[in-house]
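Before anything else, here's the structure in question.
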Amino acid sequence: MDLIVEAVTLASQLHSHQRKKKSIVPDIPYMGHLMEVAGIVEANGGDETTVAAALVHDAIEDQGPEAREQIRQHLGQAVLEMVEACTESETFPRPPWRERKLTYLGLIERASLPVMLVIVADKLQNSRALLRRLKVEGAQGWGHPGREEKLWYFHTLVDALRRRLGQLETETNAPILISLRILIEEYAEVVTALARY
């Protein structure tokens, strides 16, 4: 439990001035997203290291490569490696949107079981937030890039997650696979709902 407390503290420091973009309620601290993702991970069998990684999974992407040493120092190499495996880009300015998403799809192909849990929890939380926004704002809630680009990515991501899960199922029979399969299918259901907007 000490590792999770340390991860909450570090995440709070790293993201202290950051607010969730495109939220239906203005000025929500970014920590809300991180706490939700960590909650999904923990509720679905993630161990302490995986929950800690969930709490700082965006740190390198949002704060740059200097966050890497802080993660290693405070949370250890195992957490850092998980965060690196979830990071689509660490350069500023960021590469173009589609390029980043193609890079991220490549990460899925080699993701470990714990990393998959963090990735799916993150994508599920983000897609639920988008669905809420679309219900409130209508089509303008898609933002930029627009609906077609995002739906292409979401559907491609569902396929990649299912494919990687199938590979992992041939490598292990860990109980967490059941939770992961349920979460991926829940994500697919939210993507189907998003396509109606």
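Read the figures in this text as sums done on the coordinates, not as results from a lab. Keep in mind that this is a model prediction, so the values were computed, not measured. Cβ atoms come from the backbone with ideal geometry, glycine included; neighbour counts cover every protein chain shown.
Kindly list the residues of the range 71-96 that lie in the label zone of GLU48, defined by a backbone N under 16 Å from the point 7 Å along the Cα-to-C-beta vector.
What the label zone holds, given the 16 Å backbone N cut-off, is 74-80.
How long are the semi-axes of the equivalent ellipsoid of the range 1-87, taking √(5λ) for every eigenvalue λ of the Cα gyration tensor, in whole Å from largest down?
20, 16, 11
Taking the simple approach of a point 7 Å from Cα along Cα-to-Cβ for both ALA78 and GLU171, what is their distance in nm?
Inter-label distance under the simple model: 1.7 nm.
Now, a different point. When only C-alpha pairs under 8 Å and at least 6 residues apart count, what is the relative contact order of the chain, in percent?
21 percent
Can you name the helices of the chain, as whole DSSP H runs, whose Cα span along the helix axis is 15 Å or more and whose Kyte-Doolittle mean is not below 0.0?
Once both thresholds are applied, what remains is 2-14, 31-43, 113-137, 176-194.
Binning at 10 angstrom from zero up to the longest distance, how are the C-alpha pair distances of the chain distributed in percent?
Calculated P(r), rounded to whole percents: 9, 35, 40, 15, 1.
Same structure, new question: From zero up to wherever the largest Cα-Cα distance of the range 106-193 sits, split into 5 Å bins and tell me the percent of pairs in each.
Result returned by the calculation: 3, 14, 25, 23, 15, 10, 7, 3, 1.
Also, quick follow-up: Mind giving me the nanometre distance, one decimal, between the label points for THR156 and TRP97, set 7 Å out from Cα along Cα→Cβ?
1.3 nm
Given H placed 1.01 Å from N in the peptide plane, which residues other than close sequence neighbours of ARG19 have an amide H under 5 Å from its amide H?
When sequence neighbours closer than 5 places are left aside, the close amide H contacts are TYR30.
Same structure, new question: How much length is gained on full extension from GLU149 to GLU66, taking 0.36 nm per residue of separation minus their Cα-Cα distance? Intermediate values should be presented prior to the final figure.
Details: separation 83, 0.36 × 83 = 29.88 nm, distance 3.10 nm.
Separation in residues times 0.36 nm, less the Cα-Cα distance, equals 26.8 nm.
Students often forget the sequence filter, so: which aspartates and glutamates lie under 17 Å Cα-Cα from LYS135 once same-chain residues fewer than 8 apart are removed?
GLU189
Could you work out the relative contact order of the range 97-194, using alpha carbon pairs under 8 angstrom and six or more residues apart, expressed as a whole percent? Walk me through the numbers before you get to the answer.
On the way: 57 pairs, mean separation 43.9, N = 98.
Here the relative contact order equals 45 percent.
Here's another thing I want to ask about it. May I ask you to order 80-87, 41-48, 167-174 by the average number of other C-beta atoms within 10 Å around their residues, highest value first?
80-87, 41-48, 167-174
When Lys and Arg each count +1 and Asp and Glu each count -1, what net charge do the other residues less than 13 Å away from GLY138, Cβ to Cβ, add up to?
Cβ neighbours under 13 Å give a net charge of +4.
What do you get for Rg/Rh over the range 43-111 if you use C-alpha atoms and the Kirkwood form of Rh?
Values: Rg = 12.4 Å, Rh = 12.5 Å.
Radius of gyration relative to Kirkwood radius: 0.99.
Now, a different point. Along Cα→Cβ, 7 Å out, is where each label goes; now give me the distance between the ones at GLN140 and GLU185 in nm to one decimal.
3.8 nm
Can you find, among LEU102, ASN44, HIS155, the residue farthest towards the positive end of the dipole of the chain? Put +1 on the C-beta of Lys and Arg, -1 on that of Asp and Glu.
HIS155
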